[in-house]
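Scroll down for the structure; my scribbles are underneath it.
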Amino acid sequence: MSVIHGMDVYVANTSSSMGTDGFRAVRMAFVGPRNPKAFLKAMQHNPQLSKDEYAFVKSRVTLAREVGITANRGATVAHGTDLIDGVQLTGVTANSAVMTNTQIDAGRFLSEIEDRRHMNVVFLGADLKDKFFPSTDPIGKTVAIDGVPFEVIGTAKTKGSNAFGQSQDNFASIPSETYFKMYGSHTGISYIFEAQDRSQLEQAQDEVRMLMRSYRHLRPQEEDTFGMVSSDTLVGLWDQLTGTIAAAAVGIVSVFMVVGGVVIMNIMLAVVSERTREIGVRKSVGARRQDILNQFLVESSMLSAMGGLIGVTIAWTVAVIVRNFTPVPMEVPMNAVVIGLGLSTAVGLFFGIYPARRASRLDPIVALRAE
């Protein structure tokens, strides 16, 4: 539960980079179980998104307050003798920072004028800033992207690593028109949108879908030759995955609960055997059968509850260690603590019934004779 809760927090935070009212149009969107046949069909039939299609959609969409275009690829960025391979180079429009919740650390983001004039300016991620300018102001400095000089106009705040240990700060953003001038506009393009508000997200997606189908002259019975992705899509996929994990965990935990319960029952049976004379003494001085039953049920429940408390403590310790030393955002939810302790106590109570009843039914004369 700690892992799932931590990942829920992570997915919610990362998907918020698209905004709660943002969505994208892409060439292919496979966010569920991948179907090889469907993937190959999309590869063959889905055309690349284009600048002309983007202009068509942008000029006609009414339910999106922001519309942008983006394209990306790997690139090599250098400054002096320092060089970084595998940088995620992204060509974006000036409103991309608003739609992706990009936080600015120094300088500013790209402007529309720089985009229209195909200017060689760049907005750097925190990894590149720390590598090339660890102790100096990067604004106004020059870096080379695939051998082409670019002026640094701003840097982003640190995002950190994702749950798989990959840095989210190893990127560089340049104006989309500059990107297309350098690499062409034939592959890797996607459109980004921000609906007027959260309540109109689905309507905005439907409007964009209709416009793209119209531009591509798709008939009503034909399937979309593009994909749509929103933060709701990603969160929904994660919910399905965690639901499967939780269902499997229930089965595994059930087995451990039965095993633990049997162990507790054997322990309590041994306790009853060792304390037979004590039970006889208590009964001889007036203890009722219910008193003996309650005594051993409380002992059994306390035994299992203490085990549950130790387990919760270990889980919390592991969560703190993992959260501090790895990118996995483990968090211990309070409901997990309550459920863990509650189930532990319930197991002890249930599996302690037989030993407790056995103790309460002992004949006091026979019990007193026990050695």
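I'm trying to understand the selection: among the residues of the range 190-232, which are of a type in the set (Lys, Arg) and more than 18 Å from residue 29 (Cα to Cα)? Within the range 190-232, 198, 219 meet the criteria. Only a single criterion out of (1) modelled with pLDDT under 80; (2) in a helix (DSSP H, G or I) is not satisfied by residue 305, namely (1). Tell me, yes or no, whether the range 204-217 has at least one residue that is farther than 20 Å from residue 58 by Cβ, modelled with pLDDT of 85 or more and out of contact with any His (no Cβ under 6 Å at 6 or more places or on another chain). The answer is no, given that none of the residues of the range 204-217 is farther than 20 Å from residue 58 by Cβ, modelled with pLDDT of 85 or more and out of contact with any His (no Cβ under 6 Å at 6 or more places or on another chain). Residue count for the range 51-83, restricted to those that are touching a Ser or Thr at 6+ places or on another chain (Cβ under 7 Å), open to solvent by 20 Å² or more (accessible area, probe 1.4 Å) and in contact (Cβ under 8 Å) with a residue 12 or more places away in the chain: 2. Can you confirm whether residue 204 is assigned to a helix (DSSP H, G or I), of a type in the set (A, V, I, L, M, F, W, C) and within 29 Å of residue 42 (Cβ to Cβ)? Yes: the conditions hold for residue 204. Among the conditions (1) free of Cβ contacts under 8 Å to residues at least 60 places away in the same chain; (2) of a type in the set (A, V, I, L, M); (3) assigned to a strand (DSSP E or B); (4) open to solvent by 20 Å² or more (accessible area, probe 1.4 Å), residue 182 misses just one, which is (3). Within the range 99-123, residues that are within 10 Å of residue 175 (Cβ to Cβ) reach partners that are part of a loop (DSSP other than H, G, I, E, B) with beta carbons closer than 7 Å, at six or more positions or on different chains, in the pairs 110/94; 111/94; 112/94; 115/93; 115/94; 121/110; 123/109; 123/110. Could you tell me whether any residue of the range 274-294 is among the acidic types (Asp, Glu), under 21 Å from the mean Cα position of the chain (by Cα) and at pLDDT below 85? Among the residues of the range 274-294, not one is among the acidic types (Asp, Glu), under 21 Å from the mean Cα position of the chain (by Cα) and at pLDDT below 85, which makes the answer no. Going through the range 103-124 one residue at a time, which ones are surrounded by 16 or more Cβ atoms within 10 Å (Cβ to Cβ), of a type outside the set (Phe, Trp, Tyr) and over 17 Å from residue 180 (Cβ atoms)? Within the range 103-124, 106, 107, 124 meet the criteria. Scan the range 295-324 for residues that are open to solvent by 70 Å² or more (accessible area, probe 1.4 Å) and closer than 13 Å to residue 356 by Cβ and the total you get is 3. Restricting attention to the range 260-288, the residues that are open to solvent by 70 Å² or more (accessible area, probe 1.4 Å), in a loop (DSSP other than H, G, I, E, B) and of a type in the set (D, E, K, R) total 1. Against the conditions (1) open to solvent by less than 60 Å² (accessible area, probe 1.4 Å); (2) more than 19 Å from residue 103 (Cβ to Cβ); (3) part of a strand (DSSP E or B), residue 151 satisfies every one except (1). Note on the range 88-114: residues that are of a type in the set (S, T, N, Q) and in a strand (DSSP E or B) total 2. Only one entry in 146, 127 is open to solvent by less than 60 Å² (accessible area, probe 1.4 Å) and touching a residue at least 40 places away in the same chain (Cβ under 8 Å), namely 127.
Selection of the range 334-358 for residues being in a helix (DSSP H, G or I) and farther than 24 Å from residue 3 by Cβ yields 348, 349, 350, 351, 353, 354, 355, 356, 357, 358.
Residue 192 - would you say it is at pLDDT 85 or above and either aromatic (Phe, Trp, Tyr) or under 22 Å from the mean Cα position of the chain (by Cα) (or both)? Spelling it out, residue 192 is indeed at pLDDT 85 or above and either aromatic (Phe, Trp, Tyr) or under 22 Å from the mean Cα position of the chain (by Cα) (or both).
The criterion of being open to solvent by 30 Å² or more (accessible area, probe 1.4 Å) and hydroxyl-bearing (Ser, Thr, Tyr) holds for residue 136.
The values are calculated or read from the model by the stated rules, or taken from the named source; none is laboratory data. What you see is a predicted model; the values in this text were computed from it and never measured. As a convention, Cβ positions derive from the backbone with ideal geometry for all residues, glycine included, and neighbour counts pool all protein chains shown. Remember, those area values only see protein heavy atoms, side chains included, never the ligands or the DNA or RNA. Shrake-Rupley method; radii C 1.70, N 1.55, O 1.52, S 1.80 Å.
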